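Asker: Take this structure first; my questions come after.
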């Protein structure tokens with residue numbers, strides 16, 4: 001997976017972007033009601049001053065185009081602000097050879113952006129009452145339809161059957177939601193697992209009315225685990241998020257999930 005954020009590369013990235021040039025205003029409460037209790041998040045327009053970053057951070061994207069540098073700067077600005085809010089401040093947020101941000105000890109986080117929006121989430125790794133948090137994932141996408149040829153590339157057979165229950169407008173809209181969910185789950189898990197997944201390595205059950213999803217990896221360390229998160233359309237964007245609880249016990253096997261839902 002390849003994402004357009006300074007996060008591990010997800011399944012594809014810019015292939016799903018497209019449509020429209022009008023830049024929308026970013027509401028202050030864009031993430032309100034979506035995040036888990038321990039997770040702090042923020043979203044903003046992309047307006048940061050790249051030259052105001054520390055030299056070590058500027059060096060990471062020194063050869064990038066101006067727009068990419070602004071996106072990078074905005075993400076770093078939001079992430080540092082959020083880290084300070086949870087009591088884990090840092091002056092530098094560098095990255096490793098896999099493009100994974102080196103979050104300060106005691107914190108996990110994720111940064112995502114599209115052409116007119118940047119968002120970040122952080123959480124204390126100790127978590128809270130629900131257990132340790134191994135990783136958090138976040139993805140923001142323009143809420144433009146996903147073309148049929150891209151749906152075939154991104155969605156599994158089961159996911160395409162779900163999309164085919166409605167008309168083309170519904171299929172295009174929810175196809176983009178599937179894309180965003182797969183990106184956010186990958187970005188939460190990759191920094192720990194270092195497993196590279198393709199789009200069809202992850203199958204999604206989507207409940208758009210409830211703004212929830214269940215993601216099931218089809219192989220690897222988390223095979224057949226049920227990973228639950230949220231996805232919502234807010235303004236002109238799809239936004240998806242996932243908190244991965246505990247690196248050893250993340251997710252729940254299907255049989256356990258069935259016992260829980262029937263109790």
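Yes or no, residue by residue, for (1) in contact with a helix residue (DSSP H, G or I) (Cβ under 9 Å, 6 or more places away or on another chain); (2) in a helix (DSSP H, G or I); (3) modelled with pLDDT of 95 or more; (4) crowded, with 18+ Cβ neighbours inside 10 Å:
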residue: 29; (1), (2), (3), (4): no, no, no, no
residue: 36; (1), (2), (3), (4): no, no, no, yes
residue: 43; (1), (2), (3), (4): yes, no, yes, yes
residue: 64; (1), (2), (3), (4): yes, no, yes, no
residue: 71; (1), (2), (3), (4): no, yes, yes, yes
residue: 76; (1), (2), (3), (4): yes, yes, yes, yes
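Asker: Follow-up. For region 90-139, which residues satisfy the criterion of being part of a strand (DSSP E or B) and surrounded by fewer than 19 Cβ atoms within 10 Å (Cβ to Cβ)? I'd like the intermediate steps shown before the answer.
Answerer: The initial filter retains those residues of region 90-139 that are part of a strand (DSSP E or B), namely 95, 101, 107-114, 117-124, 128, 131, 133-139.
95, 124, 128, 131, listed by residue number.
Asker: Also: Can you give me the number of residues within region 7-25 that are in contact with a strand residue (DSSP E or B) (Cβ under 7 Å, 6 or more places away or on another chain), part of a loop (DSSP other than H, G, I, E, B) and either at pLDDT 95 or above or crowded, with 19+ Cβ neighbours inside 10 Å (or both)?
Answerer: Residues flagged as in contact with a strand residue (DSSP E or B) (Cβ under 7 Å, 6 or more places away or on another chain), part of a loop (DSSP other than H, G, I, E, B) and either at pLDDT 95 or above or crowded, with 19+ Cβ neighbours inside 10 Å (or both) within region 7-25 amount to 1.
Asker: Here is a follow-up. Can you find even one residue in region 151-164 that is within 17 Å of residue 229 (Cα to Cα) and surrounded by fewer than 16 Cβ atoms within 10 Å (Cβ to Cβ)?
Answerer: no
Asker: Quick test of your reading of the structure: residue 195 fulfils all but one of (1) assigned to a helix (DSSP H, G or I); (2) out of contact with any helix residue (DSSP H, G or I) (no Cβ under 7 Å at 6 or more places or on another chain). Name the failing condition by number.
Answerer: Answer for residue 195: the failing condition is (1).
Asker: Kindly indicate whether any position in region 163-182 is part of a loop (DSSP other than H, G, I, E, B) and in contact (Cβ under 8 Å) with a residue 12 or more places away in the chain.
Answerer: First pass over region 163-182, keeping only residues part of a loop (DSSP other than H, G, I, E, B): 164-167.
Going one step further and asking which of them are in contact (Cβ under 8 Å) with a residue 12 or more places away in the chain, we end up with none.
No; the residues of region 163-182 include none that is part of a loop (DSSP other than H, G, I, E, B) and in contact (Cβ under 8 Å) with a residue 12 or more places away in the chain.
Asker: Identify, from the list 60, 53, the residue that is surrounded by 20 or more Cβ atoms within 10 Å (Cβ to Cβ), at pLDDT 95 or above, more than 20 Å from residue 233 (Cβ to Cβ) and over 19 Å from the mean Cα position of the chain (by Cα). Walk me through how you get there before you give the answer.
Answerer: On the way: 60 fails: surrounded by 20 or more Cβ atoms within 10 Å (Cβ to Cβ).
Result of the check over 60, 53: 53.
Asker: Looking at 138, 117, which is the one that is touching a residue at least 60 places away in the same chain (Cβ under 8 Å), in contact with a helix residue (DSSP H, G or I) (Cβ under 7 Å, 6 or more places away or on another chain) and within 18 Å of residue 233 (Cβ to Cβ)? Walk me through how you get there before you give the answer.
Answerer: Working: 117 fails: in contact with a helix residue (DSSP H, G or I) (Cβ under 7 Å, 6 or more places away or on another chain).
The match here is 138.
The values are calculated or read from the model by the stated rules, or taken from the named source; none is laboratory data. Computed from a predicted structure; not experimentally measured. Cβ: placed from backbone, ideal geometry, glycine included. Neighbour counts: every protein chain shown.
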